[in-house]
Amino acid sequence: MNVWARWMAVARKRRRGGRESWGAKAFKKQSEEDGREGSRFWLPPQKASLGREREVWLNDERAPLTAATRGTIACGPRLKPDFPIERTVIYFDTIRIYGWPSRGGIIVLTDANRVDFDYLGWDILDPPLKRDRNQEAEDEVCKKLLLLGATWYDSKSRFKLLAAAADNSRSARAKFYDDEVPAATKTESLYVKVGWPSTGGLWVLEFSDWRFEEVVDDDVEWEGNEHGHESGLVVLAKDMDERCDILERLGGKFYAKLEDYDGSGCLKTWEKKTTGEAGPLVITSYVEW
């Protein structure tokens, strides 16, 4: 008799005012043979939370079920821990690429597209899903991501908080409103896209992202862009040269060489960045599942 049938048998007994059905008797007998406690009645075990990290199964008397008393309980698939080894993360409407620099923090390229993958030398149909085990090789990927306009955050938790605020999460925004966390900095609140034309130099489209307007530091000078609402055109470029044409059309700025860049993005931060934007740079290392 399966668990559901046993439970229904006990329920029928209770409805009849205590008269035991054949199924209830059978369950009692089986319970005694199995050495289980509390064979008077049986209810499906319930799950109770003991904090954020721990849960325990309880019986009908709200007492923890031990290995001897709970029998076999079907469980769902185990979730993998959130270790810092992601590289390419594909969502319903966007793609993010993560870099894990040896100096600490996390480098994130949001809204990555085919042009970015070509620049990185990756196959769009088989992108790397995990970071490199070798930290030197990982640092090289980080440098390339910065040259594409990626942002260097203090930690993954800081990035996730800012991303949630950008998605208009009430709980995330409340932390900024109540001063529970440092306000977004100018660098953290920028939209940055970079193009490297075949003729040399680079094009940079950079402006303040309106989604951070209410959580950015009061001292930050807001940089608008009259074509900012058309920035979605960048993802339509079929190659890097076409991306540069789009960036120019949207008001991007041309630089003859990287050293001439004078914006507030992270393009030139690899050589000089030693501290975080709002806190320390959290160092992470490769951990396999």
Scanning the range 255-267 residue by residue, those assigned to a loop (DSSP other than H, G, I, E, B) and loosely packed, with under 14 Cβ neighbours inside 10 Å turn out to be A256, K257, D262
For helices (runs of 4 or more DSSP H) lying entirely in the range 104-167, having 2 or more residues that are under 30 Å from D179 (Cα atoms) picks out 156-166
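Could you tell me whether the range 268-289 includes any residue that is farther than 30 Å from R173 by Cα, surrounded by fewer than 17 Cβ atoms within 10 Å (Cβ to Cβ) and of a type in the set (S, T, Y)?
yes
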Residues in the range 199-220 that are within 17 Å of A278 (Cα to Cα) and touching a strand residue (DSSP E or B) at 6+ places or on another chain (Cβ under 9 Å) total 5
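Listed here are the residues, each with its yes/no results for (1) more than 15 Å from K193 (Cβ to Cβ); (2) among the acidic types (D, E); (3) touching a Ser or Thr at 6+ places or on another chain (Cβ under 8 Å).
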| position | (1), (2), (3) |
| --- | --- |
| R96 | no, no, yes |
| G105 | yes, no, yes |
| T110 | no, no, yes |
| D126 | yes, yes, no |
| D139 | yes, yes, yes |
Only one of G252, G200 is over 22 Å from the mean Cα position of the chain (by Cα) and surrounded by 15 or more Cβ atoms within 10 Å (Cβ to Cβ), namely G252
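Bear in mind that the values in this text are calculations on the coordinates, not laboratory data. Please read these numbers as outputs of a predicted model, since none were measured by experiment. FYI the Cβ positions are ideal-geometry reconstructions off the backbone, even for glycines, and counts take in every protein chain you see.
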